[in-house]
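> One structure, pasted below without further comment.
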Amino acid sequence: MSMSARSGRILLLDALRAAALAGMVLFHFVYDLQFFGHLPPGTVHQPGWDALAHLVAGGFIFLAGASLYLAHRARIRWPEALKRVGKIGLAALLITLVTYAMMPQFFVYFGILHAIATFSLLGLAFLRLPLILVVLTALGVFLLPRFVEGEAFTHPALWWLGLSPDPAPALDFEPLFPWFAIFLAGLATLRLATRLGWLDHATRYDPEAMTGPRRWLLWAGRNTLPLYLLHQPLLFAVIWSYGVLL
C-alpha cells in the first residue's frame, strides 16, 4: 500500500475524514432519535454528546485547512480553488434553505459548510505568509471573542463573525471567531509537516487498489460532501419509518 511520496492520496487524511464523518452520523442519529421522541429532550446537549459535536466540527475544519495547503502548496490554482468554494457554497445554501423550510426558528445560517467555504477563501491569503504569522493569527482569532464580543456585532449581518453576545440560535453554527483558528491550525500543521519532511514519508494509496472494508472507509473519506448532504434525509426516513411501524 506504500507508494512514492508524489503519487496516490494520503491515507491518514482520508481516514481522518472518514472518522469525522462517522462521528457526525452518530451524533445526528442520536439527535434524530431525540427529535422523534425516542430519546429524552436535551440528550444531545449532555457534555459527552456536545463534546463529540465540537470534535467532529473541529476535525472537518482542521482537515479543510490541511487540504487547502496540500492542494495549493506549489501555487494557487485559482480555477480549482474557486470551483471547490462554489460547490461547497451551493451545498451550504441548500442546507440553509432546507433548514429554514423545516425549522425556521433554528435554521442554519452559518454552519460548517458555510464556514469551510468562507475559510477556504480567506485561507488562500495565508498560504505564503511566514508560518509564525499564521500561528499567531490563529491564536488571535481564537482569543479575540473573549475581549471584543459586544453589542456592536448584534446586527444579523454580523452574526457569522461570532462576536455577538446573543446570535440567533441555529442547528449548526461555526462562526469566523473562533473557528477560523482551527482552519489555520490545520493549514499550519501541513506546512510544518512539509517543512520537516513528514509529508514526503506519508503513506499513500491508490483508491483502485484498495479492497475490503478499507476500500469503503477511504471511499467515504474521499466523498464527505455528498455523504454529508445525504445522511440526514436517510436517517430521518429510517427513524420516521421505524416510528410508523411501531
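The values are calculated or read from the model by the stated rules, or taken from the named source; none is laboratory data. From a predicted model like this one, the values you see are computed outputs, not experimental measurements. All Cβ positions, even for glycine, are placed from backbone atoms using ideal geometry, and neighbour counts span all protein chains on display. Side chains are part of the model used for accessible areas, which takes the heavy atoms of the whole protein and leaves out ligands, DNA and RNA. Shrake-Rupley method; radii C 1.70, N 1.55, O 1.52, S 1.80 Å.
> Tally the residues that are closer than 18 Å to Ala170 by Cα, modelled with pLDDT of 95 or more and open to solvent by 80 Å² or more (accessible area, probe 1.4 Å), restricting the search to region 102-131.
Qualifying residue count for the region: 2.
> Let me ask something else about it. Hey, can you tell me all the residues within region 194-207 that are in contact with a helix residue (DSSP H, G or I) (Cβ under 9 Å, 6 or more places away or on another chain) and not aliphatic (A, V, I, L, M)?
Thr194, Arg195, Trp198, Asp200, Thr203, Arg204, Tyr205, Pro207
Yes/no per residue for (1) among the polar types (S, T, N, Q); (2) touching a strand residue (DSSP E or B) at 6+ places or on another chain (Cβ under 9 Å); (3) modelled with pLDDT of 95 or more:
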| position | (1), (2), (3) |
| --- | --- |
| Leu176 | no, yes, yes |
| Ile182 | no, no, yes |
| Leu187 | no, no, yes |
| Trp198 | no, no, no |
| Glu208 | no, no, no |
| Gly212 | no, no, no |
| Leu217 | no, no, yes |
| Ala220 | no, no, yes |
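> Still on this structure, I have one more. If Gly89 satisfies every condition in (1) outside any helix (DSSP H, G or I); (2) open to solvent by less than 40 Å² (accessible area, probe 1.4 Å) but one, which is the exception?
With (1) outside any helix (DSSP H, G or I); (2) open to solvent by less than 40 Å² (accessible area, probe 1.4 Å) applied to Gly89, the lone miss is (1).
> For region 140-164, enumerate the residues that are open to solvent by less than 60 Å² (accessible area, probe 1.4 Å) and assigned to a loop (DSSP other than H, G, I, E, B).
Answer for region 140-164, where residues must be open to solvent by less than 60 Å² (accessible area, probe 1.4 Å) and assigned to a loop (DSSP other than H, G, I, E, B): Leu144, Gly150, Thr154, Gly162, Leu163, Ser164.
> Next up: Across region 168-207, what is the total count of residues that are more than 29 Å from Trp219 (Cβ to Cβ), in a loop (DSSP other than H, G, I, E, B) and touching a residue at least 12 places away in the same chain (Cβ under 8 Å)?
Of the residues in that region, 4 qualify.
> Same structure again: For region 69-86, which positions are surrounded by 13 or more Cβ atoms within 10 Å (Cβ to Cβ) and within 15 Å of Leu190 (Cα to Cα)?
Result: Tyr69, Leu70, Ala71, His72, Arg73.
> When the residues of region 190-246 are narrowed to those that are charged (D, E, K, R) and more than 19 Å from Gly23 (Cβ to Cβ), which ends up surrounded by the most Cβ atoms within 10 Å (Cβ to Cβ)?
Arg191
> Follow-up. Identify all residues within region 124-139 that are assigned to a helix (DSSP H, G or I) and in contact (Cβ under 8 Å) with a residue 12 or more places away in the chain; write none if there are none.
Matches in region 124-139: Leu124, Phe126, Leu131, Val134, Val135, Thr137, Ala138, Leu139.
> Restricting attention to region 97-123, which residues are over 20 Å from Phe180 (Cα atoms) and free of Cβ contacts under 8 Å to residues at least 60 places away in the same chain?
Leu97, Val98, Tyr100, Ala101, Met102, Pro104, listed by residue number.
> Scan region 8-61 for residues that are farther than 23 Å from Ile239 by Cα, open to solvent by 70 Å² or more (accessible area, probe 1.4 Å) and in a helix (DSSP H, G or I) and report the count.
So the count comes out to 5.
> Whether any residue in region 169-180 is within 30 Å of Leu33 (Cα to Cα), more than 14 Å from the chain's Cα centre (by Cα), open to solvent by less than 60 Å² (accessible area, probe 1.4 Å) and of a type in the set (Gly, Ala, Ser) is what I want to check.
yes
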